[in-house]
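Undergrad: Below is one structure. I have some questions about it.
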Amino acid sequence: MQIIDLKRENGAQMQQAAQILYDAFKADWPSAWPTLDEALEEVQDSLNEDQISRIAVDEAGRVLGWVAGFPEYDGHTWELHPLAVAPQAQGQGVGRALVMDFEAQVAARGAVTIMLGSDDETDMTSLSGVDLYPNIWEHIAKIENKRRHPFTFYQKAGFVIVGVIPDANGPGKPDIFMAKRVTT
């Protein structure tokens, strides 16, 4: 596996990244990119000069996963958005490699922190389907992963939960915010 920049001139890899994004999110986050065209638009939007857009490819050049992100807070922080791994390649280290590569890309740009949001719209954690007010931090301290929510993947990669927006996606559907320091 190799991780390389996704380039606008490689239409086949852009299409593959879009298909992976669509496939990876359709079951648990169907509103994220409800059509393949919307997924392709997300991929195309990631190719702006001030953003990071990287793909993991196999020996034949087929895309296994994609990560993108953009600067926030005058470049001190970057938002990782999104990360998608082909369903058949999940659990094989592709996502972890993409996150580590993204961290290196961000650190090389002089940033200090990476942040991300990970919605729970489909009852994947103990934060979903409940009223998180008024004791949000109490709920966060007791968070449980009920159905392979990615927050545990990110925790294993060194990210920590730094907050939650209750009801971000409707009643009982929070967005979980995570962050990681990459340089000091």
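The values are calculated or read from the model by the stated rules, or taken from the named source; none is laboratory data. Everything numeric in this text was worked out from a predicted model, so none of it was measured. Using ideal geometry, Cβ is built from the backbone for each residue, glycine included, and neighbour counts are taken over all protein chains shown.
Undergrad: Only one of (1) touching a residue at least 40 places away in the same chain (Cβ under 8 Å); (2) crowded, with 18+ Cβ neighbours inside 10 Å fails for D58. Which number is that?
TA: (2)
Undergrad: Among the listed residues S128, S53, identify the single one that is among the hydroxyl-bearing types (S, T, Y), under 22 Å from F151 (Cα atoms) and in the same structural domain as P171 (by TED's automatic domain parsing).
TA: S128
Undergrad: Whether any residue in the range 86-101 is touching an Asp or Glu at 6+ places or on another chain (Cβ under 9 Å), among the β-branched types (V, I, T) and either crowded, with 16+ Cβ neighbours inside 10 Å or not in a loop (DSSP other than H, G, I, E, B) (or both) is what I want to check.
TA: No, there is no match, as no residue in the range 86-101 is touching an Asp or Glu at 6+ places or on another chain (Cβ under 9 Å), among the β-branched types (V, I, T) and either crowded, with 16+ Cβ neighbours inside 10 Å or not in a loop (DSSP other than H, G, I, E, B) (or both).
Undergrad: Still on this structure, please answer the following. Can you tell me which of (1) modelled with pLDDT of 95 or more; (2) within 20 Å of V99 (Cα to Cα) is the one E138 doesn't meet?
TA: Unmet for E138, out of (1) modelled with pLDDT of 95 or more; (2) within 20 Å of V99 (Cα to Cα): (2).
Undergrad: Condition first: out of contact with any strand residue (DSSP E or B) (no Cβ under 7 Å at 6 or more places or on another chain) and either of a type outside the set (A, V, I, L, M) or closer than 21 Å to V99 by Cα (or both). Now tell me which residues in the range 44-63 satisfy that.
TA: Passing the criteria: Q44, D45, N48, E49, E59, G61, R62.
Undergrad: Return yes or no: is V106 surrounded by fewer than 18 Cβ atoms within 10 Å (Cβ to Cβ) and under 19 Å from the mean Cα position of the chain (by Cα)?
TA: So V106 fails the test.
Undergrad: Being in a helix (DSSP H, G or I), in the same structural domain as V99 (by TED's automatic domain parsing) and either out of contact with any Asp or Glu (no Cβ under 9 Å at 6 or more places or on another chain) or crowded, with 16+ Cβ neighbours inside 10 Å (or both) is the requirement here; does A24 meet it?
TA: Taking the combined requirement at face value, the residue satisfies it.
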